[in-house]
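S.K.: One structure follows; several queries about it will come next.
The values are calculated or read from the model by the stated rules, or taken from the named source; none is laboratory data. No experiment lies behind these values; they were computed from the predicted model shown. Cβ atoms come from the backbone with ideal geometry, glycine included; neighbour counts cover every protein chain shown.
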Amino acid sequence: MVMKKIDWNTKSISANIKEKLESGNLRAAGYVYPTGFDKLDNELNGGISSGLYCIGALPGLGKSTFIMQVAENLSANGIPVVVFSLEMDMDHLSIKALDRQLYLSTKKHEHIGDETLVERVSMLSRNIYVIPYESSVDAMNEYIDDYVTNFEKAPVVIVDYLQMMKGRPNMTDKQVVDSNVLALKAMSARYNTSVIMISALNRDHYTDVTLKSFKDSGSIEYVADVILGMKYKNDKYDGEYKNIILSILKQTYGRSNGQIELIFRPEHSYFEEKNDEKKRVVY
């Protein structure tokens, strides 16, 4: 057998990094995108990078709202995000975005009109593209193919949510989930980008969130690069805001078992990290 001549320059790590750097694909050279939540970014070694991410929580805990707030933070920094929203349409997502900005302006004691409010949301969301009610992973790949062809850059992909995605006929629910998890993992590898999927939890594990909590979670546990779980802190909700614990249940290339305390204000569709520092009293 005659071995074909190999261009060993293509096998060099340094050449690969240089190529990615010159092409503008910094993620492949080891760069990360901050989520806008500092403590979470610290746990994730700076933010999200290429790979498959999964976040799960109880119904009504705000996981979709949290991820859309992350999407806005990414968009504000010029990072494109494509959202496959299987539950909420564009109008619903837009209202939540307006709620967040109205809350922040009120918090800053700003008095802004509707036009200014809309302009702010438009600027924050200018790099977010929403594809509602598309549940086929093959169609999702076609959308991302088209985006990359047009913009020559892969977006961060969000799927909300996993259990609403379609599968082939005659598949069991678990087989559908397993198949789609593997397909989304392949998507992240093919485009060298972050794919974030939101997942439901098993009802048997509502009291606590672990890897076993994820609905039909066999494939999620082994395939996802990072798994996040959200739960109430002490199972309490005071009516105005929710104290939330966000746990790093798995992180392939980093430390697992980290926890971040969040405050979720449902009325305003807004999350913030809890400040652990005690306020000083100035006399």
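S.K.: Conditions first: (1) over 19 Å from residue 120 (Cβ atoms); (2) touching a strand residue (DSSP E or B) at 6+ places or on another chain (Cβ under 6 Å). Residue 81 passes all but one, so which condition is the exception?
M.R.: Against the list (1) over 19 Å from residue 120 (Cβ atoms); (2) touching a strand residue (DSSP E or B) at 6+ places or on another chain (Cβ under 6 Å), residue 81 comes up short only on (1).
S.K.: Another question about this same structure. For residue 107, work out the one condition from (1) basic (Lys, Arg); (2) surrounded by 13 or more Cβ atoms within 10 Å (Cβ to Cβ); (3) over 24 Å from residue 86 (Cβ atoms) it doesn't fulfil.
M.R.: Just one mismatch for residue 107, condition (2).
S.K.: Could I ask something else about it? Which members of the range 78-103 meet the condition of being within 15 Å of the chain's Cα centre (by Cα) and among the polar types (S, T, N, Q)?
M.R.: 85
S.K.: Checking the structure you have, find out if any residue of the range 107-118 is modelled with pLDDT of 85 or more, more than 24 Å from residue 221 (Cα to Cα) and among the polar types (S, T, N, Q).
M.R.: No, every residue in the range 107-118 fails to be modelled with pLDDT of 85 or more, more than 24 Å from residue 221 (Cα to Cα) and among the polar types (S, T, N, Q).
S.K.: So, in the range 110-159, of the ones that are among the small types (Gly, Ala, Ser), surrounded by 14 or more Cβ atoms within 10 Å (Cβ to Cβ) and within 30 Å of residue 268 (Cα to Cα), which residue ends up nearest to the chain's Cα centre (by Cα)?
M.R.: 125
S.K.: Does residue 99 satisfy the criteria of being surrounded by fewer than 19 Cβ atoms within 10 Å (Cβ to Cβ) and in contact with a Pro (Cβ under 6 Å, 6 or more places away or on another chain)?
M.R.: Numbers: surrounded by fewer than 19 Cβ atoms within 10 Å (Cβ to Cβ): yes; in contact with a Pro (Cβ under 6 Å, 6 or more places away or on another chain): no.
Judged against the criteria, residue 99 is not a match.
S.K.: Sticking with this structure for a sec: Return a yes/no flag: does the range 172-190 have any residue that is surrounded by 22 or more Cβ atoms within 10 Å (Cβ to Cβ), more than 17 Å from the chain's Cα centre (by Cα) and among the aliphatic types (A, V, I, L, M).
M.R.: yes
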